[in-house]
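Below: one structure, written as structure tokens.
The values are calculated or read from the model by the stated rules, or taken from the named source; none is laboratory data. Just so you know, these numbers come straight off a predicted model, no measurement behind them. Don't worry about glycine lacking a Cβ; one is built from the backbone with ideal geometry, like all the others, and counts go over all protein chains shown. Quick note on the areas: whole protein, heavy atoms, side chains included, nothing else; ligands and nucleic acids left out. Shrake-Rupley method; radii C 1.70, N 1.55, O 1.52, S 1.80 Å.
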Amino acid sequence: MASPIKTASFHTFPSAVSSSSCSSSLPSPSPSPLFSLTMDPIRSLSPLSSSLPACGLDPINSSSAAASSGKHSSVCFASSKAGISSNGSLGISGVSNSKIVTGDCGYVLEDVPHFTDYITHLPAYPNPLQDNPAYSVVEQYFVDVEDTVPQKAIAHRNGPRGIHFRRAGPRQKVYFQSDEVQACIVTCGGLCPGLNTVIREIVCGLYNMYGVKKVVGIDGGYKGFYSRNTIPLNPRSVNDIHKRGGTILGTSRGGHDTKKIVDSIQDRGINQVYIIGGDGTQKGAAVIYEEIRRRGLKVAVAGIPKTIDNDIPVIDRSFGFNTAVEEAQRAINAAHVEAESIENGIGLVKLMGRHSGFIAMYATLASRDVDCCLIPESPFYLEGAGGLFEFIERRLKENGHMVIVVAEGTGEDLFSDSINSVNKDASGNRLLQDVGLWLSQKIKDHFSKKNKMAINLKYIDPTYMIRAIPSNASDNVYCTLLAQSAVHGAMAGYTGFTVGLVNGRHTYIPFYRITEKQNKVVITDRMWARLLSSTNQPSFLSPKDVVEDKKEESLQSSEENNGGSNGYFAPKEISC
């Protein structure tokens with residue numbers, strides 16, 4: 001939780017939110033025409049603090065309507081953990097600014113940084129899209145500065161309005177002229193369907209919407225900033241890349257040296273950085289933004305979250321996930337054909353996901369051929385009454401065959417100490433053992449010892465086949481919108497943000513919100529109940545496990561409704 005040490009009051013400036021008149025149990029803004037700006041203790045000592053604008057708000061985010069009506073909101077710059085050390089290296093705890101705007105009725109906007117937060121007298125220009133014939137037919141194409149998107153779609157009559165994020169899209173004013181932009185794109189981490197589509201649409205968006213002609217790709221991930229040459233990109237060179245899997249820019253894990261990266265950005269004259277990668281990559285992007293801000297550079301840092309596992313929090317889904325679920329059907333179908341073609345056949349499919357079982361869960365629901373789905377979030381046991389072996393025996397006697405889907409990272413607690421891995425990859429992720437091979441052998445050993453029935457087990461691992469394919473139609477559209485949202489945000493002067501779909505609307509989300517934890521399947525949720533109903537498998541949970549999971553879910557929901565981990569807590573009941 002933030003511990004502000006200095007508070008200053010300023011005369012009323014236009015509000016960042018449109019506030020309606022209501023009574024609230026929130027600490028209300030002062031009745032005088034003042035509002036408070038709480039300074040972060042680190043930033044208040046920074047040499048840049050003297051160049052901060054008086055009100056701490058960028059003028060493009062301000063609402064003249066709110067000012068004229070006398071409404072107020074409170075803007076707070078608080079500190080939150082970001083995994084940054086004093087020398088800029090990744091992985092050591094440090095502090096990062098969070099920009100919180102509060103309004104009436106429990107309204108909380110977790111805003112993203114803007115150039116005007118730390119650079120004064122910055123000129124703004126009319127958005128060139130207003131003269132673009134492709135958009136002349138669109139009614140109110142520019143996003144209203146008041147538009148925000150709620151994190152939670154469901155609200156209660158007496159509850160707070162809750163956490164919101166700034167809506168993505170083009171603004172009427174931009175902070176770059178087309179000929180001054182020098183943009184770069186980098187892809188990091190593992191492969192994922194849709195990477196090339198995102199690259200293509202960033203390039204085409206910059207060229208076709210904003211007239212930007214200088215775009216380069218960084219070869220080979222973060223280390224490419226300081227160890228390799230750049231790759232020139234233009235609409236012609238990226239025209240057909242969305243039809244290919246992988247990434248034309250190459251990728252790698254690790255290689256994050258903040259000083260070298262920012263030095264390279266500064267030396268090359270780059271002023272827009274588009275970073276495509278998972279939670280580890282986005283943590284690195286947050287560190288790069290902090291160093292750029294510390295140096296006072298006019299460089300926009302925009303993240304596009306990428307993970308095939310769908311384990312990034314806040315957003316509805318990550319790109320490539322739909323493609324992965326669709327492709328997983330082929331493996332499940334093959335396992336089903338093998339299993340039903342022989343007596344006591346068992347088809348075992350392992351799907352990726354690390355510590356999140358979303359691909360396995362959704363692929364199981366889509367297939368309807370799966371008899372048992374095992375995911376990391378739902379513990380299970382092998383031996384004894386109600387265990388997995390007993391269920392397999394029963395299903396084989398009933399149907400003569402069965403299909404099992406197991407997610408990567410499942411059953412780690414069942415592995416013996418001798419095979420549990422403590423090794424990590426270059427990104428710092430723990431290397432997981434192959435649960436599919438382990439479970440296959442356990443099942444074979446169990447039935448060979450009992451001599452009750454002969455089984456025929458076929459094991460299929462499609463992991464790298466799924467990662468390497470191009471994205472399907474649904475993900476192609478999603479990648480296009482993510483890329484264009486990132487371009488609009490950077491041109492509008494926003495920085496230190498990632499783009500994502502929240503409740504069906506594209507938003508700008510602060511880095512710290514998508515890196516603070518992993519998104520996981522909630523096994524007390526209706527979606528998991530639907531899966532259990534589809535497969536007719538036991539839950540493998542004891543009553544004690546169910547109670548503990550419900551407590552954890554309730555606590556998580558309470559934290560999200562009350563402001564998350566930023567130190568701001570809205571009241572549980574609001575009278576408006």
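Taking a ≥ b ≥ c as the square roots of the eigenvalues of the Cα gyration tensor, the range 251-393 is prolate, since a/c reaches 1.5 or more and a/b is larger than b/c. Once the Cα-Cα distance is subtracted from the 0.36 nm per residue extended length, the residue 237 to residue 517 segment shows a gain of 97.1 nm. Taking label points 7 Å from Cα along the Cα-to-Cβ direction, residue 152 and residue 342 give a separation of 5.2 nm.
Accessible area per residue for the range 444-518 is 38 Å², calculated with a 1.4 Å probe on protein heavy atoms, without ligands, DNA or RNA. The candidates 354, 330, 513, arranged from most to least accessible area with a 1.4 Å probe in the full protein assembly, appear as 330, 354, 513. Highest mean packing comes first when the peptides 143-151, 212-220 are listed by Cβ atoms within 10 Å, giving 212-220, 143-151. Modelled spin-label separation between residue 448 and residue 120, with each label point placed 7 Å from Cα along the Cα-to-Cβ direction: 7.7 nm.
Close amide-amide hydrogen proximity is noted between residue 312 and 519, each under 5 Å apart and 5 or more residues distant or on a separate chain (H modeled in the peptide plane; Pro and chain starts excluded).
Which entries of 259/520; 173/306; 214/259 show an alpha-carbon separation above 27 angstrom in the structure shown? Over 27 Å apart, Cα to Cα: 259/520; 173/306. For residue 472, nonlocal amide neighbours, meaning residues 5 or more places apart or on other chains whose placed amide H falls under 5 Å from its own, are 323. Per residue, the range 207-267 exposes 49 Å² of accessible surface when a 1.4 Å probe is rolled over the protein heavy atoms with every protein chain present.
Between rounded, prolate and oblate, where does the range 344-415 land on the alpha carbon gyration tensor, with a ≥ b ≥ c its root eigenvalues, rounded for a/c under 1.5, else prolate if a/b exceeds b/c? Let's see the in-between values first.
On the way: a/c = 2.32, a/b = 1.24, b/c = 1.87.
Verdict is oblate for the range 344-415.
By its C-alpha gyration tensor, with a ≥ b ≥ c as the square roots of the eigenvalues, how is the range 321-360 shaped: rounded for a/c under 1.5, else prolate for a/b larger than b/c, else oblate? Here the range 321-360 falls in the oblate category.
Centre-to-centre separation between the Cα atoms of the range 314-388 and those of the range 97-146: 42 Å. How far is the Cα center of the range 450-512 from the Cα center of the range 152-181, in Å? When both Cα centres are located, 21 Å separates them.
Residues in the range 342-348 carry Karplus couplings, in order, of 9, 5, 6, x, 10, x, 10 Hz; the curve used is 6.51 cos²θ - 1.76 cosθ + 1.60 with θ = phi - 60°, and Gly or Pro positions show x.
Per residue, how much accessible surface does the range 312-360 expose to a 1.4 Å probe? Answer in Å², no decimals. Walk me through the numbers on the way to the answer.
Values: 1510 Å² over 49 residues.
Accessible area per residue: 31 Å².
Couplings for the range 192-200, taken from phi via the Karplus curve 6.51 cos²θ - 1.76 cosθ + 1.60 with θ = phi - 60°, read 7, x, x, 4, 5, 5, 4, 4, 4 Hz in order; Gly and Pro are left as x. In the range 255-337, the portion of solvent-accessible area held by carbon and sulfur atoms comes to 42 percent [1.4 Å probe, whole percent, DNA, RNA and ligands not counted]. Note on residue 453: accessible area approximately 40 square angstrom, rounded to 10, probe 1.4 Å, nucleic acids and ligands left out.
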